[in-house]
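The values are calculated or read from the model by the stated rules, or taken from the named source; none is laboratory data. Everything numeric here is computed off the predicted structure, so don't read it as measured data. Please note: Cβ atoms are built from the backbone with ideal geometry, for glycine as well, and neighbour counts cover all protein chains shown.
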Amino acid sequence: MNKNFYHIWFISFKLLSERKRQTIVSIFGVGIGVTAFIVMASLMNGFQKYFIEQAIDLNAHITLKVKPEDVPDRIIKIYFGKNILANVLGSRPKDEKDKVVGYKEIIEKYSQNKDFIGVAPHLTTQGIVSYGTTIKSASVIGIDPKLERKTSVIDKFIENKRLDSLISDENSIIIGKLLAKDLGINELGKKVILTTPNGNVHLFKVVDFFNSGITNLDQTRVYVNIRVLQTLLNRPNEVNELIFKIKDVNKAEKLAKIINSETSYYTESWQFAYKNFLQIFKIQNYITYMIVFAILVVSAFGIFNIIMMMVMEKKKDIAILKAVGFEDEDVVKIFTLQGVIIGFLGYIIGAIIGYLLQEWLSGIQLDVEGLIRSKGFILDRSYLYYVYGFIFSIFFSILASFYPSYKASKLNPTDIFRSGG
Amino acid sequence: MSLLKVENINKFIGKEHILKNISLTINEGEFVAIIGPSGSGKSTLLYLLGLLDIPTEGNVYIQSKKVDFKDRKHLSLLRNEKLGFIFQFHYLINELSAYENVMVPILKSGRDIKLAKEIAFNNLEKLGLKGKEHRKPFELSGGEQQRVSIARAISNNPILLVADEPTGNLDSKNTEIVMDIFENLNKEGKTIVMVTHDLELTTKATRIIKIKDGEIIEDIKKS
């Protein structure tokens, strides 16, 4: 150890070790804060990351679609100008079909761009799926399995990996796991009837289940071959949506704008599509971190308390230390170091308990069904929480111990000697 | 040879004029006793000589070098290397053992722990505390505590020992022991300045300075 620091360490350690009970309580105070931070952050971010990853993988990084133009207030503004106060009670949808014109050229163009991994066409519509007497509404997506596989990670979420069945047998359908459950379908090979909005019906054979873990999607989504859906909807060779997979998901917003300017079609990045969720996550994070912050502040007060009490009790010792040559900054260091020691030991304990809690939580078998479905807690086991926990605990320890240390350094030894200590 | 010199020192505490234009030279090897009634300013003068307090006016010289009271770091260094303090109360740190208390100024001076420990043990042995090095202050008698504080004061081999009523809290037997130690230290060449109100203690001093109402009224050097 640096001999210029040894006297600081020596006094700090001795003063602290003689106050075992108070020191241990303060250490555990910091430890609880660190544990709370590590566990809460890994739980919260584990859930959020899982949701975002699934959402990104499933719903394309960028979606190109035909934006509905007949927004009532927009039309009113066009005809009557801006200065009008109107109450629109309803508007009839346009008869014109939403279709992406020249979609093959768009697919061709972006498939060759180095920023893109794949582009796939979709024809989406609402439909009714019936099995026996059970009827459920569904979000029907017509896909080209080969291009879809390149553009999304649909394979990952299809239980029996039978995406190619949509090619080999065009009467095949892949339906959401929860939708199948709602319909009463528990095994593959069952026949369902799909009714499209134009009244056409078609009999499909269930070849696989789609199981993403996101309740909302698994409860509504069905996949069929795009050509079959085009025929059913009387829309040969038409698509109303293109999905893009890009190399860097963080560039989605930027690339969506580029596609929009080059094609004039409405484009949506995954961030935009999930902005409500991202906003909720942000608020959730604020709340979590505020709670953790409050815990850390309370533990910092614990440190403040012990150091302040020590300074009050140790006035005579501070005076004699100054008399034998200790400088003001030595005194600051002696008491701040005690706070740092408490913070560091608190961190070690907090990190160990946090790690053990993470282990325990990740081993719990639990059926979670809500926004997502899983068989237990989804934890983000990043080492960064331990790094941040370390930084926070040391920062709060220094913050809490600095003021009493500073006060100690400003004590005038002669005042103490005159008063007889 | 002049070890410490104060020149036209004035000290005010609030509006009260505690020390009035005091000039004084302490020479090497002297054992100076400063005496005077309570409130005469003798302790304030001692704190100024020990660089613990700052004069309102006037200068202090140590080994002919003017002390810069604005340079707090240098003041701390001088206190650590050149001065040793003994007070009426022992002011030992309760959490440290006897030898650890003695080591404190040595460690501050940057010397390594092995050497510091060696010096501490030697000093304690010299003051008759062999075998009690590991005891905490509360495990020692009043006289022993004061001897530990003397061992601490001489740990860095200072040029001047500053003692403020060092026997004020001791019984007659321990007072005698402490005064014998001072006498021996002085005989070994250590310069001592001691404040006391007990005239009996001045018998061992080589010089007596009487102070009253903040002024030196008598300065007697024994032959």
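Tabulated results
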quantity: Boolean, A:K316 is in contact with a Phe, Trp or Tyr (Cβ under 6 Å, 6 or more places away or on another chain) and either outside any helix (DSSP H, G or I) or closer than 30 Å to B:Q88 by Cα (or both); calculated: yes
quantity: So B:V104, is it touching a strand residue (DSSP E or B) at 6+ places or on another chain (Cβ under 6 Å) and either modelled with pLDDT of 90 or more or crowded, with 24+ Cβ neighbours inside 10 Å (or both); calculated: no
quantity: Subset tally (residues that are in a helix (DSSP H, G or I), out of contact with any Ser or Thr (no Cβ under 7 Å at 6 or more places or on another chain) and more than 7 Å from chain A (Cβ to nearest Cβ)) for the range B:101-112; calculated: 2
quantity: Some residue of the range B:126-145 being farther than 21 Å from B:S97 by Cβ and either hydrophobic (A, V, I, L, M, F, W, C) or surrounded by fewer than 18 Cβ atoms within 10 Å (Cβ to Cβ) (or both); calculated: no
quantity: Contacts under 8 angstrom Cβ, first residue in the range B:70-81 being more than 8 Å from chain A (Cβ to nearest Cβ), partner assigned to a helix (DSSP H, G or I) and surrounded by 15 or more Cβ atoms within 10 Å (Cβ to Cβ), 6 or more apart; calculated: none
quantity: Hits in the range B:82-96 (condition: more than 7 Å from chain A (Cβ to nearest Cβ) and surrounded by 21 or more Cβ atoms within 10 Å (Cβ to Cβ)); calculated: B:L83, B:G84, B:I86, B:H90, B:L92
quantity: Unique residue being part of a strand (DSSP E or B) and among the β-branched types (V, I, T) when the list is B:I54, B:I34; calculated: B:I34
quantity: Count of the range A:323-362 residues which are within 10 Å of chain B (Cβ to nearest Cβ), touching a Lys or Arg at 6+ places or on another chain (Cβ under 8 Å) and in a helix (DSSP H, G or I); calculated: 3
quantity: Test: residue in the range A:324-336 that is touching a residue at least 12 places away in the same chain (Cβ under 8 Å), of a type in the set (S, T, Y) and either out of contact with any Leu (no Cβ under 8 Å at 6 or more places or on another chain) or surrounded by 24 or more Cβ atoms within 10 Å (Cβ to Cβ) (or both); calculated: yes
quantity: Matching residues, the range A:126-135, being in a strand (DSSP E or B) and either surrounded by fewer than 20 Cβ atoms within 10 Å (Cβ to Cβ) or without any contact (Cβ under 8 Å) to a residue 40 or more places away in the chain (or both); calculated: A:Q126, A:I128, A:S130, A:Y131, A:T134, A:I135
quantity: Filter result for the condition that a residue is surrounded by 15 or more Cβ atoms within 10 Å (Cβ to Cβ) and assigned to a strand (DSSP E or B), over A:K245, A:K251; calculated: A:K245
